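Trainee: My structure is below; once you've seen it, I'll send some questions.
What follows is calculated from the coordinates using simple rules that are stated; it is not laboratory data. Bear in mind that the values here come from a model prediction, so they are computed numbers and not experimental data. Here Cβ is always computed from backbone atoms with ideal geometry, including for glycine, and neighbour counts include all displayed protein chains.
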Amino acid sequence: MEDGFADQYPACCNSGIGSAYGGRYSKSKKFNANHELLDSSVHIDINDIQLYAIFCGFNGGSNAAKFSMNRMVYEIFQDQPIKTIMMSREIIAELHRKFANVARRYMDMMTDSLSERFILKDQNDEVNANAISELDQKIREGCTAIVALRIECDLFVLNCGTSMAIAITDDPSDPVVRINDQLHENENPVEIERLKNIGVDPENVLKPTRAIGDLHRIIAVPDIYHVVIQNNWRYIVLISDGVVQNLKEFQVEDVAMEVYERLKEDHTATSTAQSLVDAFARKHLDAYTRNMVENGFTFSNQREEMTVIFVKLEHDNLYETFKSSTNSTLDYTQSTTDGGPVQPYVDVLPKSNKPDIQKFLLDTTKLFLDKSL
């Protein structure tokens, strides 16, 4: 899949993307950017379907993020494409299947590297140490994903990792709606229980506990949420896991409310998204500087890369269309498909009839989990 595949699709005119490099602070409190963007993001509007997505690379996973984003766009719009006439349950099932395809395709790309690593390890030759180290780094690359698909009043949010989707309302008593209520991290009781049930120590799996790629994450199975856009919703905001991590690092307890308080609509959707990212960057610098003065170097001097997608909701004629829509369900649900979650593409449960490649990946996963990150 070519890196620029998604660029052929028209951008959504009522949305914009803002970003900020990751990097480190010097002792003089100056921020030094990495100048390498690991995140890939997209906002598309075609055939009455809007797609908004952020794929966040980690461990140098810019290629993982680019591939996964472009492949997801292909899956949604070209390979048995999502259509407006489909029922909600069909869309949810298709999104599960399509995301599994993305994760599987990426893992297929890693098979040669995994094979080469095993061959070099079996040779037990110190000369191969550098080559093995390079392969280890490549295998550790991965990305998380937050994907929002809007069809008229129906919003489908797919999350694999620790990014967030948030709706901002015009109700001052209830201004924020958290759309994905679960983050895949080893502080989440749900994830802790899941990992224990498959015999994995949660402390050996760094967050995010789900992602495409990096075998430390075990699975790339997303949560999918279906919500109906309410008449009092003004904006939808997607924030990357870098935003979440940066805010949490300095004791922001309610990340969604922080987004609401920092959000100020600017001239364009893009400038609004960028101003929001800039506000987070200033807050991070202020908090880091204050911590240096008050407590010394008790926090990391690193700032994660940040990406925000801002969507301005236009309600004109939306609900007239909604009244005649056969797709919307008029209910508010937060669940995966009725049949339960799909199977992970890396199956950590041994089966006697498992193909050799699955056993190969299973053994590799266990090997990495036994090593300290």
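Trainee: For Lys121, which aspartates and glutamates qualify as cross-link partners when the Cα separation must be under 17 Å and same-chain residues fewer than eight apart are set aside?
Mentor: Asp112, Glu134, Asp136, Asp363, Asp370
Trainee: Turning to a different aspect of this structure: Restricting to Cα atoms and excluding each atom paired with itself, what does the Kirkwood estimate give for segment 143-297 in Å? Mind dumping the intermediate values first?
Mentor: Details: mean 1/r = 0.0587 Å⁻¹.
That comes to 17.0 Å for segment 143-297.
Trainee: Please work out how much length the chain gains when fully extended from Asp254 to Asp286, using 0.36 nm per residue of separation minus the C-alpha to C-alpha distance, in nm with one decimal. Kindly include the intermediate steps, with their values, before the conclusion.
Mentor: Details: separation 32, 0.36 × 32 = 11.52 nm, distance 1.82 nm.
Full-extension gain reported as 9.7 nm.
Trainee: For the pair Ser115 and Ile46, how long in nm is the line joining their label points, each one 7 Å along Cα→Cβ?
Mentor: In this crude spin-label approximation the distance works out to 3.4 nm.
Trainee: Give the shape of segment 54-152 as rounded, prolate or oblate, defined through the alpha-carbon gyration tensor: a ≥ b ≥ c are the square roots of its eigenvalues, a/c under 1.5 means rounded, and otherwise the shape is prolate if a/b is larger than b/c and oblate if not.
Mentor: Details: a/c = 4.27, a/b = 2.78, b/c = 1.53.
In terms of gyration-tensor shape, prolate.
Trainee: Next question, about the same structure. Please tell me which of these pairs span more than 21 angstrom C-alpha to C-alpha: Lys66/Lys264; Lys66/Lys138; Lys207/Lys248; Lys248/Lys283; Lys248/Lys312? Mind showing how you got there, number by number?
Mentor: Working: Lys66/Lys264 30 Å; Lys66/Lys138 15 Å; Lys207/Lys248 13 Å; Lys248/Lys283 12 Å; Lys248/Lys312 26 Å.
From Lys66/Lys264; Lys66/Lys138; Lys207/Lys248; Lys248/Lys283; Lys248/Lys312, over 21 Å: Lys66/Lys264; Lys248/Lys312.
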